[in-house]
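To start, the structure itself, in structure tokens.
The values are calculated or read from the model by the stated rules, or taken from the named source; none is laboratory data. Quick caveat, the model's predicted, so the values are computed rather than measured. Cβ placement follows ideal geometry from the backbone for every residue including glycine, while neighbour counts extend to all protein chains displayed.
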Amino acid sequence: MAESPRRAAGRRLQLPLLCLLFQGITAILFAIFVRYNHETDAAAWHLGNRSNSDNEFYFRYPSFQDVHVMIFVGFGFLMVFLQRYGFSSVGFTFLLAAFALQWSTLVQGFFHSFHHGHIYVGVESMINADFCAGAVLISFGAVLGKTGPVQLLLMALLEVVMFGVNEFVLLSLLGVRDAGGSMTIHTFGAYFGLVFSRVLYRPQLEKSKHRQGSVYHSDLFAMIGTIFLWIFWPSFNSAPTSLGDVQHRTALNTYYSLTASTLSTFALSALVSGDGRLDMVHIQNAALAGGVVVGTSGEMMLTPFGALTAGFLAGTISTLGYKFLTPILESKFKVEDTCGVHNLHGMPGVLGAFLGVLVAGLATHEAYGDGLENVFPLIAKGQRSAKSQAVYQLFGLSVTLVFAFVGGSLGGFLLRFPYLDSPSDSQCYEDQIYWEVPGQHEPEAQTPLNMEESDTRA
Amino acid sequence: MAESPRRAAGRRLQLPLLCLLFQGITAILFAIFVRYNHETDAAAWHLGNRSNSDNEFYFRYPSFQDVHVMIFVGFGFLMVFLQRYGFSSVGFTFLLAAFALQWSTLVQGFFHSFHHGHIYVGVESMINADFCAGAVLISFGAVLGKTGPVQLLLMALLEVVMFGVNEFVLLSLLGVRDAGGSMTIHTFGAYFGLVFSRVLYRPQLEKSKHRQGSVYHSDLFAMIGTIFLWIFWPSFNSAPTSLGDVQHRTALNTYYSLTASTLSTFALSALVSGDGRLDMVHIQNAALAGGVVVGTSGEMMLTPFGALTAGFLAGTISTLGYKFLTPILESKFKVEDTCGVHNLHGMPGVLGAFLGVLVAGLATHEAYGDGLENVFPLIAKGQRSAKSQAVYQLFGLSVTLVFAFVGGSLGGFLLRFPYLDSPSDSQCYEDQIYWEVPGQHEPEAQTPLNMEESDTRA
Amino acid sequence: MAESPRRAAGRRLQLPLLCLLFQGITAILFAIFVRYNHETDAAAWHLGNRSNSDNEFYFRYPSFQDVHVMIFVGFGFLMVFLQRYGFSSVGFTFLLAAFALQWSTLVQGFFHSFHHGHIYVGVESMINADFCAGAVLISFGAVLGKTGPVQLLLMALLEVVMFGVNEFVLLSLLGVRDAGGSMTIHTFGAYFGLVFSRVLYRPQLEKSKHRQGSVYHSDLFAMIGTIFLWIFWPSFNSAPTSLGDVQHRTALNTYYSLTASTLSTFALSALVSGDGRLDMVHIQNAALAGGVVVGTSGEMMLTPFGALTAGFLAGTISTLGYKFLTPILESKFKVEDTCGVHNLHGMPGVLGAFLGVLVAGLATHEAYGDGLENVFPLIAKGQRSAKSQAVYQLFGLSVTLVFAFVGGSLGGFLLRFPYLDSPSDSQCYEDQIYWEVPGQHEPEAQTPLNMEESDTRA
């Protein structure tokens, strides 16, 4: 069904106007609210008689940069595996994350560093905003190829708010521990995206199935994403923890967990294929599950053996999920999960939350000594027993699932609004709708932004 | 016109002999002049009773490494977008930067750390040398595909000297502030390269136009460069600042500015295209303008809102430049700017210099407190007013433009010397002239290093 | 010769079962032996009254992360140059290194941090394990494309042990200095791999020669590996040194050395080619020799001039090696060295060891002052003269060569066992045997894991 030229013209303006509108609003809010904190403000920093070497910058900036690489290179390239959707994968990652960083600085700032009418920012805001962008990109992975950039920006608008509220409830109200975000980032991002994808279900998606695979070099590009995520995950989980032994231990636990998820992924990938050959989809994704699964417990006294075991289990369930669960999710539950975020972030995130319940429940004054204060302050102060902390951890997982389902449903229903830039069923996983693509890569149908009515799909 | 075999043989020897000559000369100069400084010398470091944790290494090396990634991966891969010039883009970046690091260690050393007949080196020399290499690579971007490696090395020989003199005049003589190099690196490198390209103007360049575009995967390779530049730009601008709040604030400002230039680039790219589609050239380049534009003012009390505004403007003018100005520069002003460095480094650099004028002019003792000393030492000591500093900043921009124009012209005229390795008009943007290229990539004309006389083009 | 279905089925299970077995064994050994050290244990760290900023994490973790990038991205992508072996190059690097990190944590732990029945781990264990993985990957480079993952895992099992013993003999028993591993990593890894490859010599390998080259984009992928290795090598050599001036000086020396090896590689590559064109193989590999050659002497008072000279020589011999020696090694000595590790790691490693002999022999109390203790503790304590240290260094090289030859021979003979997953002579350098490869990349022969008997090759 052809669009009227006027409607097509209107649709062409959606993306630029939305970008400008969002940028205008965040800029105004920044002008009103955002201020340098005492570590980044010239006058405030020099008020105290502190040594420059005490500036938080030197303890967190290297970790921040590693996280930053993960968000933009890691997530961006991991999704380049699709043969004709590389520009969109890395480009929309870029756009979404850039917006999410600004918007989340405001949302998280209101919840975590709002004093006397202002939000105070420094390297910790940067890390937190990157974490929130990570959750948005996980959700993006579920709907990759099936949504336009306008839809994605609107999704991010909502998701960043829901993320901020959920994080506030867990960390500040419930006193839940979740430094590396097994719950707040991975579980939340995955189920938000999956529910979102469910609502936007396309029964006719097989029209685009021929573009859903990879080509040889797109798989190698995707490995750039995988490897950078794998390498820097120890920095991700340790970036926001207490300094000293906690940060050190978290990095070490994550490092071990990832080695184990890599070995179990290779084992399972060869085992479940008919002919003993390895599947790039598993290696690119499931090998990373070891980072997700210790997101909650990485800062705790998990022990190196515990880290290996956790990683091993995560790689195993993730690979099995890709092989057996993803097809069922699609056929039976009408959830089309392009990148398999349920396998990489959903199940390992939930497993990581349970692991956090277990390890928190086992915490003792003996095992943590005076370091208990840094990991479980409420237990150290005697306000909670370890068992009680475990119950709170479990409750945090439930809260996260509720926020993810409510947010994802809400987002999905809002974005079924027909005049957005959703591609038609036969134009999914195709860069040309949104990008000028160099000639050699021949177009199938030269109808940029002249998408089918999205309401005809519902 | 065929070359005589003897002349062709002579030309083949130019590159290796020049590399050996340059390496020999810098090695001799290193032997005579370069010494470990008090932070890298075993005896000197242990003379003072300092803690190892006070070594400058721990405050600057992580930032240095980020800068190092930008120079070699960032610039190298950003230029890989050309379909048949990837080996040269990344390879000549490698060669030029390696030479520039050595040569600039000497030139900058003479100006900045020459005491008692010796140049003393440590991590700050490494950062400064990388910065100078950055300027050379910006100029390389203007002439990419139209010059041979011998020409490029000779260009670098001259440019490093001009860069060093200009930087010395600005930072040491005029007391101009320019930590992230909006003037000394971006404006200088861009206009040096543009004037250089103007002098080497090729009226017959359309003979090679069919190779000037990208292919699908070369655009993805280029995005590796873009994303690494984008991620690490906060480290670039903050690498050489004072420690403590200044370094922290600079990173934060740059981070915000880049998010805004990304949003404005996506908005403008979709807006100026006929059909609402995004252009990879804009995303790959203009999104980075937010880093350039806060190169001068990033260390100042720009405010987060100021950073967003600056980035927004930079992304906007940069994208508009690619769309509207680059064709005019070529058709009217005979400036062929392969990578559009005028849009990414030139205009945003000049804008960044003006922003520095503004923010310096607004500096008050109240806003900076005791931190004023670290950003504007001359104002803090009462030797200058803020307004006077602003005038000096403006003067610094003028000086930079003069050095860039003089240097670029001089370089261009010297390199029109006919016996160098310039490709013929029909062999531009082609790796095969300089590289053994694997078979699958079929040659057009098997005449390596048998270039047309470059003097026939003048 | 066709395999029986039962044998083929058995062979398909080798890889998954071996992964599971190895993971099970290391997990059990971790449970029994591996414990957090006093920097990563909550209780232990808070026992002492130390500031969090003193935690080793802040001095070594950024360097560790750079090393981690080198191992997984650097080595992984460097080997992607083969046109049809990219999945295996980056994938088996991933698998081998992940296993080596676990296994080496145990082996090195027994030798270096075993107290009261436990191995204590922290960031230094992580660096050391990554170094050991580096040696394994160097050996992998020699046999790249000619061995299956089961063979490689078994090779790693043996090599990690031999590496650990050799390192212990050199560093702990002989008091040899080798921070960046010219001997323990590069010489050992290269000659282990070369001898291993010699024992597995395939006289019929020309059947696969048509796949031994690169294609245009595979060479660009390989440059990702090269550049990341080049950039981060200063961190590699300095990661395990004493803190303060030593770490700083090592990074600086390596930085200079690499610039010189780059210039000499470009010079020699153009010089030795018939037509003056550059060869990607040289640029991708020999330019890195400057990092290898200062692995031993980088922490010493080598002087910046010394670093340039060392790098220059290393780039030169490495490029000449690729051009003239590799063909002879194959034709006369029956050593098939896929990646030319003899040129990049072998000869520059040995040269680096000799350089260490020289610079150690020239050490004086005057040159090092009180810093002598950190570089040559035995000389500082008066237990050894500088000349005596030099002799020990030389002896260390001999020991390393013996361990490499014994280990490589042993490994090679064990892996000639016929029922492993070695590809047939006509299926070398081919991903499809081990990986599900997307369609576009057409199979030559659809016989995954149905390899010829490897005993028919001997």
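Annotations
- Each residue in the range A:244-298 was checked for being farther than 30 Å from C:N49 by Cα and in contact with a strand residue (DSSP E or B) (Cβ under 7 Å, 6 or more places away or on another chain), and 6 pass.
- Residue count for the range C:233-245, restricted to those that are facing another protein chain (nearest Cβ under 7 Å) and either part of a helix (DSSP H, G or I) or crowded, with 24+ Cβ neighbours inside 10 Å (or both): 3
- Only one entry of A:F81, A:F99, A:F77, A:F57 meets the criterion of being crowded, with 24+ Cβ neighbours inside 10 Å, farther than 14 Å from A:A135 by Cα and within 17 Å of the chain's Cα centre (by Cα), and that entry is A:F77.
- Of all residues in the range B:200-251 being modelled with pLDDT of 95 or more and β-branched (V, I, T), the one that is nearest to B:N285 (Cα to Cα): B:T226
- Residue within the range A:296-313 that is surrounded by 24 or more Cβ atoms within 10 Å (Cβ to Cβ), within 19 Å of A:V67 (Cα to Cα) and either of a type in the set (S, T, Y) or touching an Asp or Glu at 6+ places or on another chain (Cβ under 7 Å) (or both) present: yes
- If only residues of the range A:98-113 that are among the aromatic types (F, W, Y) and over 20 Å from A:E39 (Cα atoms) are counted, the one that is farthest from the other protein chains (Cβ to nearest Cβ) is A:W103.
- Taken over the range A:192-228, residues that are within 18 Å of the chain's Cα centre (by Cα), more than 10 Å from every other protein chain (Cβ to nearest Cβ) and polar (S, T, N, Q) amount to 1.
- Near pairs, Cβ below 6 angstrom, 6+ apart or cross-chain, from the range B:141-155 (without any contact (Cβ under 8 Å) to a residue 60 or more places away in the chain) to any residue that is surrounded by 23 or more Cβ atoms within 10 Å (Cβ to Cβ) and not aliphatic (A, V, I, L, M): none
- Within the option set A:Y120, A:Y201, being surrounded by fewer than 24 Cβ atoms within 10 Å (Cβ to Cβ) and in a strand (DSSP E or B) holds for one residue only, A:Y120.
- Among the residues examined, B:A9 qualifies as in contact with a Gly (Cβ under 9 Å, 6 or more places away or on another chain), within 9 Å of chain C (Cβ to nearest Cβ) and either aromatic (F, W, Y) or without any contact (Cβ under 8 Å) to a residue 24 or more places away in the chain (or both).
- Considering each residue of the range B:164-179 in turn, none proves to be touching a residue at least 40 places away in the same chain (Cβ under 8 Å), within 14 Å of chain C (Cβ to nearest Cβ), within 27 Å of B:L17 (Cβ to Cβ) and not polar (S, T, N, Q).
- Restricting attention to the range C:261-272, the residues that are more than 7 Å from chain B (Cβ to nearest Cβ) and among the polar types (S, T, N, Q) total 3.
- Residues in the range B:246-277 that are surrounded by fewer than 24 Cβ atoms within 10 Å (Cβ to Cβ) and more than 19 Å from A:A27 (Cβ to Cβ): B:V272, B:S273, B:G274, B:D275, B:G276, B:R277.
Residues checked against (1) in contact with a Ser or Thr (Cβ under 8 Å, 6 or more places away or on another chain); (2) of a type in the set (D, E); (3) more than 21 Å from A:N166 (Cα to Cα):
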| site | (1), (2), (3) |
| --- | --- |
| A:P348 | yes, no, no |
| A:A353 | yes, no, no |
| A:V357 | no, no, no |
| A:H365 | no, no, yes |
| A:G369 | no, no, yes |
| A:V375 | yes, no, no |
| A:V399 | no, no, no |
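- Only listed residue being within 24 Å of the chain's Cα centre (by Cα), more than 7 Å from chain C (Cβ to nearest Cβ), closer than 17 Å to C:V123 by Cα and of a type in the set (A, V, I, L, M, F, W, C), chosen from A:L258, A:L288, A:L313: A:L258
- One residue stands out among those in the range C:135-151 that are more than 14 Å from chain A (Cβ to nearest Cβ) and under 8 Å from the mean Cα position of the chain (by Cα): the one that is farthest from C:G213 (Cα to Cα), which is C:A135.
- Considered as a group, the residues in the range C:384-427 that are surrounded by 15 or more Cβ atoms within 10 Å (Cβ to Cβ) and basic (K, R) include one that is nearest to C:E336 (Cα to Cα), and that residue is C:R416.
- Filtering B:L170, B:L137 for residues that are of a type in the set (A, V, I, L, M), at pLDDT 95 or above, closer than 26 Å to B:R202 by Cα and in a helix (DSSP H, G or I) leaves a single hit, B:L137.
- All positions within the range A:49-64 that are within 7 Å of chain B (Cβ to nearest Cβ) and not hydroxyl-bearing (S, T, Y): A:N52, A:N55, A:F57, A:P62
- Boolean, B:D337 is in contact with a helix residue (DSSP H, G or I) (Cβ under 7 Å, 6 or more places away or on another chain), surrounded by fewer than 24 Cβ atoms within 10 Å (Cβ to Cβ) and in contact (Cβ under 8 Å) with a residue 40 or more places away in the chain: no
- Matching residues in the range A:27-48 - criterion: being within 28 Å of the chain's Cα centre (by Cα) and more than 7 Å from every other protein chain (Cβ to nearest Cβ): A:I28, A:L29, A:F33, A:R35, A:N37
- Summed over the range C:361-371, residues that are without any contact (Cβ under 8 Å) to a residue 24 or more places away in the chain and at the interface with chain B (Cβ under 7 Å from one of its Cβ atoms) total 2.
- Residue within the range A:83-94 that is within 13 Å of chain B (Cβ to nearest Cβ), in contact with a Ser or Thr (Cβ under 8 Å, 6 or more places away or on another chain) and free of Cβ contacts under 8 Å to residues at least 24 places away in the same chain present: yes
- Test result for B:V67, among the β-branched types (V, I, T), within 8 Å of chain C (Cβ to nearest Cβ) and within 20 Å of the chain's Cα centre (by Cα): no
- Odd one out for B:R35 among (1) over 19 Å from C:V69 (Cβ atoms); (2) out of contact with any strand residue (DSSP E or B) (no Cβ under 7 Å at 6 or more places or on another chain): (2)
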